[in-house]
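Below is one structure, written out as structure tokens; comments come after it.
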Amino acid sequence: MTPIPERPTSRRAVLKLSLATAAVAPVLSAAPAAGGTRAPSAPGRAPVPAAVPAGPILKPLPLDRFVVHGTNAEMRWGSVRARAALTPQADLFVRNHTRTPVLDAATYTLRVHGDGLARPRGEQEALTLRLADLRRLPRTTITATHECTGNGRRFFADQQGTPAAGTPWALGAVGAVRWEGVLLRDLLARVGIRRDAVSVLATGLDDPYVTGGVDYGRVRRPFPVRKALDDALLAWAANGEPLLPDHGFPLRLVLPGWVGIASIKWLGSLEISTTELSSPWSTKWYRMTGGEHPADAPPLTLNPVRSAFELDWDAVLPAARSVTLTGRSWSGAAPIVRVDVSVDGGATWRAADLQDRHSARGAQRHGGLGRRGHRDRSWTRWSYQWRRPAAGPHELLARATDAAGRTQPDTTPFNDAGYLFDAVVRHPVTVAQV
Ligand SMILES: Nc1nc2c(c(=O)[nH]1)N[C@H]1C(S)=C(S)[C@@H](COP(=O)(O)O)O[C@H]1N2
Ligand SMILES: [Mo]
């Protein structure tokens, strides 16, 4: 075992990161990229009441809690327990380009290379860090909403009459998770990076993504060093438990507030570069194309503002003097400051009662971690008293505003891939006859 010899040789050439100084002694090894081994068979816990057989997703997918779309599965909003602020991993949506790999934590390594390191390293001579090495670094937890770029995609078709290609998510490709791990900046502070490093490319260990007869290689996406030095987290736990295989075990990247694709699961390597890096996941996909969007639109970063009722689609509500509606709103950029609800299809609106108030300080500093330790960038739960609802069909609407001044619009401008649908969703329910 050889300690990392990475000490800035020239202070000027290296970013000064004045963070804690606990020793870290990763192994420098010439071993090939660790992929671990695939389990001979998927775990077979009997799900309740029925589930799709083990396939690209390994955890049980009870049909009363999930809607399965091919290699992906979304959470049913009607199954959300109003009192639980966080989404249990068992209930969290899964978005897999291929299938969940089963990796061995004991042999897992994260490879770090690139010309942006204080001591540049090619891919073949990457630093390799075991999980145990990372666990010796300062620990950080971040609670944040976690959401797919395409969440709400089906409403481009259902609500705006302009179908967009891709997984037809309703609003269930989202959750709130308390991630635990090490800040990437704490790792980079020890490894040492050059002042002119600009880009980090994160690559997963899942199978290469092949579509339309083209092999695009492993799922990978670049992000700016600025984000890496802000709140990017290398996470090994979610809500106090080790990551499930489907959610990136043993280690995933988490870029809080950013589109889900930025949070690479089964993280195999990080390339730190002095030139802008790209991948099909930043140029071909996860970038606006079509509609009124310019041809050179940049890679998507922040998630928009969205809201959902904790109700199934076409839910039947018992008639009552007053019906309590509950829901949640969230934003990738800032805390939610206001939610308005309409129970008459959008004709009149009244403010909902917000249950979670994320601090004003949080509002100013939402873009960054601010201080070490826990930081809440989660969603806001709300409730609304619906007085004397008439029996029959209704459309419920919720419109949120965040502290950055973004309010959900009535319509979302079209884009080919159906990304970032943030318009107010019209949720049909029926109040039962009495
Ligand atoms: N390696 C890898 N990372 C990945 C993906 C993937 O298919 N492979 N999917 C991405 C997308 S599009 C999303 S929305 C999130 C989903 O994370 P989850 O399945 O843990 O909810 O992971 C991202 N990271
Ligand atoms: Mo996604």
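Quick look at the values:
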| quantity | calculated |
| --- | --- |
| Wholly enclosed helices (runs of 4 or more DSSP H) of the stretch 117-206 bearing at least 3 residues within 30 Å of residue 77 (Cβ to Cβ) and either modelled with pLDDT of 95 or more or away from ligand 1 (no atom under 15 Å from the Cβ) (or both) | 154-158 |
| Criterion violated by residue 108 - all others in (1) out of contact with any helix residue (DSSP H, G or I) (no Cβ under 9 Å at 6 or more places or on another chain); (2) over 30 Å from residue 80 (Cα atoms) satisfied | (1) |
| Filter pass, residue 324 being more than 21 Å from the chain's Cα centre (by Cα) and over 23 Å from residue 76 (Cα atoms) | no |
| Any hit, the stretch 175-191, residues being assigned by TED's automatic domain parsing to the domain that holds residue 76, within 16 Å of ligand 2 (Cβ to nearest atom), out of contact with any Ser or Thr (no Cβ under 7 Å at 6 or more places or on another chain) and closer than 21 Å to residue 149 by Cα | no |
| Residues being surrounded by fewer than 17 Cβ atoms within 10 Å (Cβ to Cβ) and within 16 Å of ligand 2 (Cβ to nearest atom) - total across the stretch 202-221 | 1 |
| Matching residues in the stretch 289-319 - criterion: being over 25 Å from residue 336 (Cα atoms), in contact (Cβ under 8 Å) with a residue 12 or more places away in the chain and of a type outside the set (D, E, K, R) | 289, 290, 291, 293, 315, 316, 317, 318, 319 |
| Residues that are modelled with pLDDT under 80, in a loop (DSSP other than H, G, I, E, B) and aliphatic (A, V, I, L, M), drawn from the stretch 330-372 | 369 |
| Selection status of residue 256, part of a loop (DSSP other than H, G, I, E, B) and either in contact with a Ser or Thr (Cβ under 8 Å, 6 or more places away or on another chain) or among the β-branched types (Val, Ile, Thr) (or both) | no |
| Qualifying strands (runs of 3 or more DSSP E) (wholly inside the stretch 259-317; at least 3 residues being away from ligand 2 (no atom under 16 Å from the Cβ) and crowded, with 21+ Cβ neighbours inside 10 Å) | 267-273, 305-309 |
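The values are calculated or read from the model by the stated rules, or taken from the named source; none is laboratory data. Bear in mind that the values here come from a model prediction, so they are computed numbers and not experimental data. Methodologically, a virtual Cβ is constructed for each residue, glycine included, from the backbone with ideal geometry; neighbour enumeration extends over all protein chains shown.
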